[in-house]
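Below is one structure; the comments refer to it alone.
The values are calculated or read from the model by the stated rules, or taken from the named source; none is laboratory data. Here the structure is a predicted model, which is why all the values come from computation and not from measurement. Please note: Cβ atoms are built from the backbone with ideal geometry, for glycine as well, and neighbour counts cover all protein chains shown. Only protein heavy atoms, including side chains, enter the accessible area calculation; ligands, DNA and RNA are left aside. Shrake-Rupley method; radii C 1.70, N 1.55, O 1.52, S 1.80 Å.
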Amino acid sequence: MIDNYIYDKKAELIIDGKTYTLPIVEGKEGEKAIDIRKLRSQTGYITIDSGFMNTGSCVSSITFLDGEKSILNYRGYAIEDLANNCSFVEVAYLLVHGSLPTQEQLSEFSQLLGGFALIHEDMIHFFDHFPPYAPPMSILSSMVNSLCNFYPEMSDNPGENIDMMAARLISKIRTIAAFSYKKSMGQPLVYPRHDYSYCANFLNMMFDSPVKPYVVNDAVVAALNKLLILHADHEQNCSTSTVRLVGSAKVNLYASISAGISALWGPLHGGANQAVIEMLEEIYENGGNYMKYIERAKNSKDPFRLVGFGHRVYKSHDPRSRIIKNACEQVLASMGFYSDPLLDIAREIEEVVLRDDYFVSRNLYPNVDFYSGIIYRAIGIPSNMFTVMFALGRLPGWIAHWKEMWDDPNWRIGRPRQIYIGPKRRPFVPVAERKAYPAQ
Ligand code: CMC
């Protein structure tokens with residue numbers, strides 16, 4: 001597929017006086033890349049790029065983002081249009097299939113989601129054997145991996161079954177997430193209902209109880225749809241790249257997604273939404289002196305970072321954070337919270353940071369995680385479930401990338417190289433003759 005995007009200009013590389021010509025690839029939005037696929041065979045050199053800051057791992061038609069201009073599009077649609085006009089199910093369909101569904105396609109997809117909502121009863125016993133304080137992300141990753149034992153017929157070739165595979169996983173992950181919460185609370189499980197929409201069903205499974213029936217609040221459902229849409233894809237981020245790398249070894253969809261969930265767990269990635277709310281709570285409990293935290297974040301000798309700020313790709317506003325900030329105010333009002341001390345602290349921190357030279361000069365703006373936790377907290381979702389919510393949202397993107405890679409005729413197993421800096425070859429010493437050396 002890359003060959004279809006070779007540009008007419010070339011790059012030249014001079015090594016030891018010899019000039020090598022390298023093709024240039026140009027994407028639909030004008031992004032350019034030097035094609036180094038033949039670099040090592042032609043020159044004997046590789047490139048080195050820790051953190052893959054300058055490395056394109058694939059061509060993709062799923063998501064476009066421009067971090068300088070604050071643009072994020074899924075399949076060509078602006079994130080603002082999707083977040084304001086679509087349900088999460090429509091956007092999931094868009095990401096996986098490439099186009100927005102017609103009314104008929106949407107009904108069919110929604111019916112599949114409803115039909116697949118149960119998990120095998122034997123899987124429910126698994127929940128009983130995790131320790132009471134097991135992190136929900138660890139439970140989620142284990143349970144998703146286990147799905148391939150219960151539904152093996154769907155685990156390999158997506159082929160024409162992508163509708164079914166995507167619906168099965170998108171539906172079951174929601175049930176697994178809600179069940180893991182109920183188990184952690186020691187409450188009876190609430191089974192999915194066929195007559196509820198995707199988000200209403202999730203909220204009902206989380207919060208309904210035999211002693212206090214859950215009443216669906218449309219504003220909360222709308223906010224949850226928005227949050228899941230905003231998290232649904234973000235091109236080659238750490239977890240999506242993990243799904244692709246694991247999947248590149250021809251690993252089944254469930255195991256690949258389970259690996260992506262583990263990557264998302266990290267506090268520098270999806271785990272940041274939990275870290276933000278914990279930081280805001282800590283500031284509030286310590287008297288609200290947020291300036292102390294801002295000063296700590298600026299001190300190069302202190303490893304503390306202001307969570308919820310900065311992004312590898314956005315060097316301007318994260319467009320998702322603006323939408324979430326507005327949604328935050330609407331949801332809180334609809335739920336009768338006319339003021340929230342954490343929201344007040346968050347707003348004040350943002351205001352100071354956007355004027356502070358340390359943050360301005362490093363292009364550090366609020367990211368998607370800065371305000372999302374305030375909404376989740378208002379809905380009643382505990383902070384250790386925030387990253388699980390991120391995973392529910394990101395799932396359609398992971399599936400779309402896994403499928404795109406699977407369909408790519410140039411698909412090769414992912415296998416980076418390295419520059420070795422360890423000891424040179426040395427003679428073997430039998431154990432009795434070895435001397436202890438200080439640890440290196
Ligand atoms: N607070 C204070 N300083 C920061 C922050 C921050 N949140 N983020 C970056 N910096 C500084 C960093 O110290 C460095 O300064 P200097 O040039 O003086 O050494 C400079 O900004 C560049 O930082 P970097 O670590 O090289 O940037 P990166 O692109 O490797 O990291 C990041 C991006 C998101 C990991 C980082 O900004 C960060 O740790 N942010 C806090 C965690 C967070 O909110 N993560 C959620 C990201 S969005 C959701 C997602 O992707 O899952």
| query | Would a scan of the stretch 330-340 turn up a residue that is within 16 Å of the ligand (Cβ to nearest atom) and under 27 Å from the mean Cα position of the chain (by Cα)? | reply | no
| If the Cβ limit is 8 Å and pairs must be 6+ apart or interchain, which residue in the stretch 260-272 that is more than 13 Å from S383 (Cα to Cα) pairs with which residue that is aromatic (F, W, Y) and outside any loop (DSSP other than H, G, I, E, B)? | G260/W398; L264/F390
| Subset of the stretch 8-49 [surrounded by fewer than 15 Cβ atoms within 10 Å (Cβ to Cβ), in contact with a strand residue (DSSP E or B) (Cβ under 6 Å, 6 or more places away or on another chain) and within 30 Å of I71 (Cβ to Cβ)] | K9, K10, E26, E29, K32
| request: Select, from L95, L72, L82, L140, the only residue that is over 22 Å from I323 (Cβ atoms) and in contact (Cβ under 8 Å) with a residue 24 or more places away in the chain. | output: L140
| query | Looking at (1) away from the ligand (no atom under 16 Å from the Cβ); (2) open to solvent by 20 Å² or more (accessible area, probe 1.4 Å), can you tell me which one M205 breaks? | reply | (2)
| Could you give every pair whose Cβ atoms fall below 7 Å, whose first residue belongs to the stretch 306-317 and is more than 21 Å from Y293 (Cα to Cα), and whose second residue is more than 6 Å from the ligand (Cβ to nearest atom) and not in a loop (DSSP other than H, G, I, E, B), counting only separations of at least 6 or pairs across chains? | V313/L65
| note | Among N384, N363, the single one that is outside any loop (DSSP other than H, G, I, E, B) and among the polar types (S, T, N, Q) is N384
| remark: Checked Y376, Y420, Y437 against criteria (of a type in the set (S, T, Y) and outside any loop (DSSP other than H, G, I, E, B)); the one match is Y376
| task | Would you check if there is a residue in the stretch 323-334 being over 20 Å from N84 (Cβ atoms), touching a strand residue (DSSP E or B) at 6+ places or on another chain (Cβ under 8 Å), touching a residue at least 40 places away in the same chain (Cβ under 8 Å) and not small (G, A, S)? | result | no
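Yes/no per residue for (1) at pLDDT below 90; (2) open to solvent by 10 Å² or more (accessible area, probe 1.4 Å); (3) not in a helix (DSSP H, G or I):
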residue: S146; (1), (2), (3): no, yes, no
residue: N149; (1), (2), (3): no, yes, no
residue: E153; (1), (2), (3): yes, yes, no
residue: M165; (1), (2), (3): yes, no, no
residue: I170; (1), (2), (3): no, no, no
residue: R174; (1), (2), (3): no, no, no
residue: A177; (1), (2), (3): no, no, no
residue: Y181; (1), (2), (3): no, yes, no
| said: Exactly one condition in (1) in a helix (DSSP H, G or I); (2) open to solvent by 10 Å² or more (accessible area, probe 1.4 Å); (3) of a type outside the set (S, T, N, Q); (4) modelled with pLDDT of 95 or more is false for E235; which is it? | reply: (1)
| note | All conditions in (1) in contact with a helix residue (DSSP H, G or I) (Cβ under 9 Å, 6 or more places away or on another chain); (2) in a helix (DSSP H, G or I); (3) within 16 Å of the ligand (Cβ to nearest atom); (4) open to solvent by 70 Å² or more (accessible area, probe 1.4 Å) are true of R296 except (1)
| query | Which residue, of V313, V307, is in contact with a Leu (Cβ under 8 Å, 6 or more places away or on another chain), open to solvent by 30 Å² or more (accessible area, probe 1.4 Å) and near the ligand (Cβ under 9 Å from one of its atoms)? | reply | V313
| task | Within the stretch 348-381, track down each residue that is open to solvent by 10 Å² or more (accessible area, probe 1.4 Å) and over 23 Å from E68 (Cα atoms). | result | E348, R377, A378, I379, G380
| field | Residues of the stretch 238-262 classified as within 13 Å of the ligand (Cβ to nearest atom) and open to solvent by less than 20 Å² (accessible area, probe 1.4 Å), total | value | 4
| said: Anything in the stretch 382-428 that is among the hydrophobic types (A, V, I, L, M, F, W, C), open to solvent by 30 Å² or more (accessible area, probe 1.4 Å) and modelled with pLDDT under 95? List them, or say none. | reply: W406, W411
| field | Hey, Y365 closer than 30 Å to D208 by Cβ and either of a type in the set (K, R) or within 16 Å of the ligand (Cβ to nearest atom) (or both) or not | value | no
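When you scan the stretch 1-86 for strands (runs of 3 or more DSSP E) that lie fully inside it, which ones turn up with 3 or more residues that are under 24 Å from D407 (Cβ atoms) and among the hydroxyl-bearing types (S, T, Y)?
none
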| query | Limited to the stretch 30-59, what total is found for residues that are of a type in the set (D, E), away from the ligand (no atom under 16 Å from the Cβ) and at pLDDT 95 or above? | reply | 1
| remark: Those residues of the stretch 266-288 which are part of a loop (DSSP other than H, G, I, E, B), in contact with a helix residue (DSSP H, G or I) (Cβ under 6 Å, 6 or more places away or on another chain) and open to solvent by 50 Å² or more (accessible area, probe 1.4 Å) amount to P267
| message | On the basis of being among the basic types (K, R), more than 25 Å from the chain's Cα centre (by Cα) and within 30 Å of M279 (Cα to Cα), does R434 make the cut? | response | no
